[in-house]
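Down below is the structure, laid out as structure tokens.
Read-outs throughout are calculated quantities, based only on the coordinates presented, and are distinct from any laboratory measurement. Given the structure is predicted, the values throughout are model-derived calculations rather than measurements. Cβ: placed from backbone, ideal geometry, glycine included. Neighbour counts: every protein chain shown.
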Amino acid sequence: MPTVETTRGPIDVEELGLTLIHEHFRTTDEAARFQFPHLYDERAEWEAALSDANAVKAYGVETLVEPSAMFLTRDAAFSQRVADETNLNVVLATGLYTYDHLPQVLLNRDEDALAAIFVHELEHGIQGTEVKPALIKCAADQPGVTPNVEKVHRAAARASQASGKPIMAHSHPASETGLEQMRILTEEGVDPSMVQVAHTGDTADLDYIEKLLDTGCWIGLDRYGLDIFLPTEKRQATTLALLERGYADRMFLSQDYCSTIDWFPAEVQDYLKANEVPDWSMTFLFEKVIPELKERGMTDDQLDQMMVHNPKRWLGS
Ligand SMILES: [Zn+2]
């Protein structure tokens, strides 16, 4: 039986249960955090993470994938504490979250050297802990697939080939990066069924989404509540259209929620929360999205497929 690495070690895929495939307990800049710690409130961050973990548990969630990578303050010990305190399975990633920038230490290393770094973590654990990643993260966003981004994708692909672990590729559907990302990963020999193209649900363009699905990848409809990228109504219509076309076995639902995020000063953050993304939370799916999808025709089997069976198949691949 395939197993999946969690903060508490490997578990049988059958134990994953109801799974949120893409959420974050903490998203901050790790350099700013190290240099200017007075900007951060550890206690508040801990309480926010704990509160969200407990809230999703109350909805029956058993597993949460936290695909933070370098540059997002991935912190295995922090995630492990949240998991231990709440009895949630928390699944972590190796890899790099960059839209282009690489520091000298990575700029001056090639694809194979980067892949070796990821493989080291997959084999030995993250940040000196015994917690191993279950997937490899890479990203392309507005700047497109720049040479640095391509290098990270090729490194992720080679680490996946060496370890047999799946890849999550953050994408930017507005510029259709997913297709280029899949081209590079498959050119490296990765089986497309190992790859999840995250944030595909940020577009309502079904032609693009079907082109992407034709490559054989999984797609993340994983930013419910982030109305700044696409409002909920359009996300719902897209999800229902894809279900109707028979893609339930290739889709994931999630929110990409961050219990703490430092991208804006506190007052701007409060404004955005109140005005731009009022629904964004770690429980929005359960409070509104899923009940409404059911009313509009989604079956229980389709929901189970997306939130229980697909996580097993992708993470256990
Ligand atoms: Zn994310």
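Can you tell me how the chain classifies by the Cα gyration tensor, rounded, prolate or oblate, using a/c under 1.5 as the rounded cut? Working shown, then result.
Working: a/c = 1.26, a/b = 1.08, b/c = 1.16.
Note, shape of the chain comes out rounded.
Trypsin sites (Lys or Arg not before Pro), restricted to the range 84-168: which are DSSP loop and have at most 16 other Cβ atoms within 10 Å? Before the final figure, lay out each step's value.
Working: sites: 109, 137, 151, 154, 158; in loops: 109.
Loop-located and lightly packed - 109.
Can you give me the relative contact order of the chain as a percent, contacts being Cα pairs under 8 Å and 6 or more apart?
On the way: 611 pairs, mean separation 64.6, N = 317.
It rounds to 20 percent for the chain.
Taking a ≥ b ≥ c as the square roots of the eigenvalues of the Cα gyration tensor of the range 108-206, is the shape rounded (a/c under 1.5), prolate (a/b larger than b/c) or oblate? Write down the numbers at each step before the final one.
Working: a/c = 1.93, a/b = 1.66, b/c = 1.16.
Prolate.
Over 25 Å between Cα atoms, which of 57/294; 273/294; 57/312; 234/273; 57/273 qualify?
273/294
Starting with the fewest neighbours, write out 11, 219 ranked by other beta-carbon atoms found within 10 Å of each beta-carbon.
Working: 11 17, 219 23.
So the residues, fewest neighbours to most, are 11, 219.
For the range 147-251, what are the per-bin percents of Cα-Cα distances with bins 10 Å wide, up to the bin holding the maximum?
The percentages, shortest bin first, are 16, 48, 28, 8, 0.
Any chance you could check the Cα centroid distance between the range 63-129 and the range 207-286 for me, in angstrom?
Here the two parts' Cα centres lie 23 Å apart.
Which order do 214, 222 fall in if you start with the one that has the fewest other Cβ atoms within 10 Å?
Placing the least packed residue first, the sequence is 214, 222.
Against the 2.2 N^0.38 Å scaling, with N counting residues, where does the range 1-133 land? I'd like the Cα-based Rg ratio to two decimal places. Intermediate results must be reported in sequence, preceding the final value.
Details: Rg = 15.5 Å, N = 133, 2.2 N^0.38 = 14.1 Å.
Normalised Rg, Cα atoms only: 1.10.
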